[in-house]
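The values are calculated or read from the model by the stated rules, or taken from the named source; none is laboratory data. A quick note: this is a predicted structure, and the numbers were derived from the prediction, not measured. Every residue, glycine among them, receives a Cβ derived from its backbone with ideal geometry; neighbour counts consider all protein chains shown. Surface areas here come from the heavy atoms of the whole protein model, side chains and all, with no ligands, DNA or RNA. Shrake-Rupley method; radii C 1.70, N 1.55, O 1.52, S 1.80 Å.
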Amino acid sequence: MDALNNVVGGFAHVLGGGAVFHALWATLIGIVVGALPGLTATMGVALLTTLTFGMGPDKAMLVLVCVYVGAIYGGSRSAILLNIPGTPASAASTLDGFPLARQGLAGRAMGISTSGSWLGTLFGTAILALFAPSFGEFALQFGSYEMFWVAMFGIVVAGSLSGGDALKGYIAGFLGLFIATIGQETNHAYPRFAFGNGDLAGGLGLLPVLVGVFGVAEVLSAMRGPAVKAVSSKIDSVIPRIRDVTAHWKTIIRSGALGTFIGAMPGLGEDIAAWTSYAAAKRASKEREKYGRGSIEGLMAAETGESACVPGAIIPVLTLAVPGSAPAAVLMAAMMIHGLNPGPMLAITAPEFIYQIVAMLVIADMVKMFYGLVLVRPLLWILLIPRARLMPVVFVLCTVGAFAITSRLFDIWVMLGAGLVGFILRELRFPMAPLVLGIVLGDLLDKNLLRGLVLSGGDVSPFFTRPISMGLCALTVLAAAWSIPGMAGIFRRRTA
Amino acid sequence: MSEADAASPFDGEKAPASPRADLVTAVVLFALGVAIIVQAWEMPRFLEQSGTGLTAPGIVPGFHGAVIALLSIVLGLRARARGGWAVRGAATGTAADRRQLATAAVLGLVYAGGMVGRVPFWLASALFVFAFVIAFEWELGPRGRTRRIVEAALIGLGTGIAVMLVFEKLFLLRLP
């Protein structure tokens, strides 16, 4: 009953002061950003963070949550209509969404996408409301030793599972951790890797680096590839059919649970959630032959999984200050910029904030549903904007985003450098999620390792012998073992 | 992406980098790792303040540098096992792709690195967007070029003015 009262309190706090207006425009921007190939949810949240500097923390978080939820949903529009995922999260939706569109069922596919996404976010939000507060209280037992392992676990999990090459994932993670060490450290204010440069001594700002890695690098990637071809599919009714939902309730629950769980794992994100949900639905399906040829069940699974991942990815942000996905990492940075301190102490300093986030997610989900029903034709026109006209505008917004937080021209150079490094790393097939997680978790790892060593007088044994520490250490080792080919094979055979 | 790929969500969606590219990457990363270790080693230890040296600023970056160096050796050995220097990957993209990439990179550098901070931001942005659109739409041919140039000018001007109004006047942010 307390939880219900808290949720009602969360809504009462969030609604008002033009909240609906902010939710409407922010979700719309999110959907447009997500729908446009080349613009990702991470970039959308990073760029919109700039716009929220002048807002209060409540409104700023509402705007950013709406952009995040909208962008993940918007990606499926281009996946269905163009066979090009608007965001990496929607890649799984192309498999069945586009074949449905080619069969003249684009409207029905979008209806499935809308209902699956709506239910997925709602499912994940319910899990967040139920478990985040108690997990937050449990996380209060975490000391420096445990927080060190939480950071290390995040890097290892993101490296192992974020797609592609685990070895490169680890390298990207440690490069991120190294980047986070540049600038003055906290114990002695010694400027590390500054080489006498005052700007470098101030450290590399998180937002300019993220805008570079996700904005500038994406502009470069988009301008290099072939142009998007125009869609030529007739669109039937986009109103979700009740039968499409009731006939696949098991898929929705399974995908919702999987999506939320994967979201809560540090650094994995919506694309892994969508693929895992899709693969699980296919394994459990009685009509596997339809997968890849326009399976309603497959599309429902992918959409539910990716959208359930959004609230899931916010759970570790609120309870451990560890992001579950790349957009959640930017959201966490924005929380810090606005003076909200996510992490274990949130359960003491602002326990009501968790329920406010729940209210924001539900509002964003409702607005997303509204746009899903009315925003079909206009979005189709937006999708056809030539990239040569869109990308320079995005680049201008990136520049503003990098500069606005501290008004330093140096940050624009940081953005350019991060963009170049990000582009090269992508070309060499290094995953970006571990890099971002490393940059975000670098400070957490740095402080807690040194604090732990000081507390124990140089003795490393508490890192391995305290009960929670030991458990986290074991989980980290298991996650690392996953990336050893033989071990992963054994695991997959057992779960198949 | 084919249907079969969906069976394993953890498989990368792109072809792996070539062994030669991985080998070069491994050498660069190893050099970076060693450089980090050397820099970290040369940082002051602050023994007089802490007594133990456990708060030395170089400990954590030194650890990261060591891991990067170690993992780069593994990357290099793996690349060698896959054929090493002899195996080159397919060229990434066509010559036109590379030209487009270079054009975008140069225009971005001139704008963000050269014009921003020296030219009024709205004007710099308008010129950048105009030049970018023209550069990429020039190859569409002479037919309709005048219209495209006018449209590019309007998009550039619109972007410059809109960014100034929205960020500076509406959201009260400082622009470069």
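Of the listed residues A:His13, A:His22, the order by accessible area with a 1.4 Å probe, largest first, is A:His13, A:His22.
Evaluate E = 1/(1 + (r/R0)^6) for A:His13 and B:Gln49, where r is the Cβ-Cβ distance and R0 equals 56 Å; express this FRET efficiency to the nearest 0.05. Don't skip to the answer; put the middle values down first.
Working: r = 45 Å, r/R0 = 0.81.
The value I calculate is 0.80.
Spin-label model, A:Thr246/A:Trp381: points 7 Å from Cα along the beta carbon direction are separated by 3.8 nm. Contact with the other protein chains removes 10 Å² or more of accessible area, compared with the isolated chain and a 1.4 Å probe, from these residues of the stretch B:161-176: B:Val163, B:Phe167, B:Phe171, B:Leu173, B:Arg174, B:Leu175, B:Pro176.
Shape of the stretch A:191-341 from its Cα gyration tensor (a ≥ b ≥ c, root eigenvalues): rounded if a/c is under 1.5, otherwise prolate when a/b > b/c, or oblate? The shape class here is prolate. For the pair B:Ala95 and B:Leu70, the difference between a 0.36 nm per residue extended length and the Cα-Cα distance amounts to 5.4 nm. For chain A, the relative contact order is 28 percent, taking Cα pairs closer than 8 Å that sit 6 or more residues apart in sequence and dividing their mean separation by the residue count.
Full extension of the chain segment joining B:Phe171 with B:Val110 gains 19.3 nm, where the gain is 0.36 nm per residue of separation less the Cα-Cα distance.
Among rounded, prolate and oblate, which fits the stretch B:19-86 when a ≥ b ≥ c are the square roots of the eigenvalues of its C-alpha gyration tensor, a/c under 1.5 means rounded, and a/b larger than b/c means prolate?
Details: a/c = 6.51, a/b = 3.79, b/c = 1.72.
Verdict is prolate for the stretch B:19-86.
Taking Cα atoms only, the orientation of helix B:145-163 departs from the longest principal axis of chain B by about 60 degrees.
Residues whose amide H falls under 5 Å from that of A:Val322, counting only those 5 or more places apart or on a different chain, are A:Val317, with hydrogens built in the peptide plane. Computed over all pairs of different Cα atoms, the Kirkwood value for the hydrodynamic radius of the protein assembly as shown is 25.4 Å. In this simple spin-label model, placing a label point 7 Å from the Cα along the Cα-to-Cβ direction at both B:Arg82 and A:Asn5 gives a separation of 5.9 nm.
A convex hull fitted to the Cα coordinates of the stretch B:95-170 yields 83 cubic angstrom per residue. With the simple model of a label 7 Å out from the Cα in the direction of the Cβ, A:Glu352 to B:Thr103 spans 5.6 nm.
What value, in deg cm²/dmol to 500, does the helix sum -39500 (n - 2.57) over DSSP H runs of n ≥ 4 give at 222 nm once divided by the residues of the protein assembly as shown? Please report the intermediate quantities before stating the final value.
On the way: 31 runs with 466 residues, N = 672.
Theoretical 222 nm ellipticity from helices: -22500 deg cm²/dmol.
Taking other residues whose beta carbon is less than 13 angstrom from the beta carbon of A:Gly263, and scoring Lys, Arg as +1 and Asp, Glu as -1, yields -3.
I need the shape label for chain B. Rule: rounded when a/c is under 1.5, else prolate if a/b > b/c, else oblate, with a, b, c from the alpha carbon gyration tensor. Oblate shape, in that a/c is at least 1.5 and b/c is the bigger or equal ratio.
Accessible area, 1.4 Å probe, largest first: how do A:Lys168, A:Lys250 sort?
Values: A:Lys168 5, A:Lys250 130 Å².
Order by accessible area, largest first: A:Lys250, A:Lys168.
Helix by helix through chain A, keep the DSSP H runs that span 20 Å or more along the axis on Cα and average at least 0.5 on Kyte-Doolittle, and give those back in order. Sorted by number, the helices that extend far enough and score high enough are A:19-35, A:57-82, A:106-139, A:144-161, A:166-181, A:249-264, A:296-320, A:352-374, A:387-404, A:409-427, A:432-455, A:467-482. Of the accessible area of the protein assembly as shown, computed with a 1.4 Å probe over protein heavy atoms only, carbon and sulfur atoms account for 67 percent. Please identify which residues in the stretch A:380-407 have an amide N closer than 14 Å to a label point set 7 Å out from the Cα of B:Glu139, following the Cα→Cβ vector. Inside the label zone: A:387-388.
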